[in-house]
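The values are calculated or read from the model by the stated rules, or taken from the named source; none is laboratory data. Owing to the predicted nature of the structure, the values given are computational and were not obtained by experimental measurement. Cβ coordinates were reconstructed from backbone atoms using ideal geometry, including for glycine residues, and neighbour counts include every protein chain displayed. Surface accessibility is based on the protein's heavy atoms, side chains included, excluding ligands, DNA and RNA. Shrake-Rupley method; radii C 1.70, N 1.55, O 1.52, S 1.80 Å.
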Amino acid sequence: MSYVVTGATGQVGSAVVDYLLAKSVSVHVIIRSEDKAQAFRSRNIQVTIADLTDVEVLTKVFQGAKAVFAMNPPGYEKPDLQ
């Protein structure tokens with residue numbers, strides 16, 4: 001069982017990843033870019049490349065997770081961010 005982190009490439013998500021690794025637990029990140037994947041894999045972190053709108057992939061990754069840290073990206077294209 002692993003802890004799943006979304007938003008792992010951002011400031012908050014990366015801090016969560018660092019915290020979990022310091023606790024010696026299994027971490028699985030969901031990121032959008034293959035370009036950033038190796039930096040996680042080199043730290044023994046499981047990586048899934050997916051968009052957070054892909055419900056099928058998220059459902060599969062979240063199943064069996066110990067916990068999920070879900071950092072939802074802002075919708076900058078929306079006129080009202082609230």
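Residues of the stretch 52-82 that are modelled with pLDDT under 90 and either more than 14 Å from Val5 (Cα to Cα) or basic (Lys, Arg) (or both): Thr53, Pro74, Gly75, Tyr76, Glu77, Lys78, Pro79, Asp80, Leu81, Gln82. Within the stretch 15-32, the set of residues being out of contact with any Asp or Glu (no Cβ under 9 Å at 6 or more places or on another chain) and open to solvent by 100 Å² or more (accessible area, probe 1.4 Å) comprises Tyr19, Lys23, Ser24. Being in a helix (DSSP H, G or I), of a type outside the set (Val, Ile, Thr) and open to solvent by less than 100 Å² (accessible area, probe 1.4 Å) is a condition met by no residue of the stretch 63-79. Annotation: of all residues in the stretch 50-62 being open to solvent by less than 100 Å² (accessible area, probe 1.4 Å) and acidic (Asp, Glu), the one that is nearest to Ile31 (Cα to Cα) is Asp51. Of all residues in the stretch 15-29, those that are assigned to a helix (DSSP H, G or I) and of a type in the set (A, V, I, L, M) total 6. What residue, among those in the stretch 1-14 that are part of a loop (DSSP other than H, G, I, E, B) and open to solvent by less than 40 Å² (accessible area, probe 1.4 Å), is farthest from Ala65 (Cα to Cα)? Ranking the candidates gives Gly10 first. Among residues of the stretch 1-22 that are touching a residue at least 12 places away in the same chain (Cβ under 8 Å) and under 12 Å from Val61 (Cβ atoms), those with a Cβ under 6 angstrom from a residue that is open to solvent by 30 Å² or more (accessible area, probe 1.4 Å) and of a type in the set (D, E, K, R), sequence gap 6+ or separate chain, pair up as Tyr3/Lys66. Residues that are loosely packed, with under 14 Cβ neighbours inside 10 Å, in contact with a Phe, Trp or Tyr (Cβ under 8 Å, 6 or more places away or on another chain) and within 17 Å of Phe69 (Cβ to Cβ) are absent from the stretch 33-49. Quickly run through the stretch 30-49 and pick out the residues that are at pLDDT 95 or above and assigned to a loop (DSSP other than H, G, I, E, B). Result: Ser42, Arg43, Asn44, Ile45.
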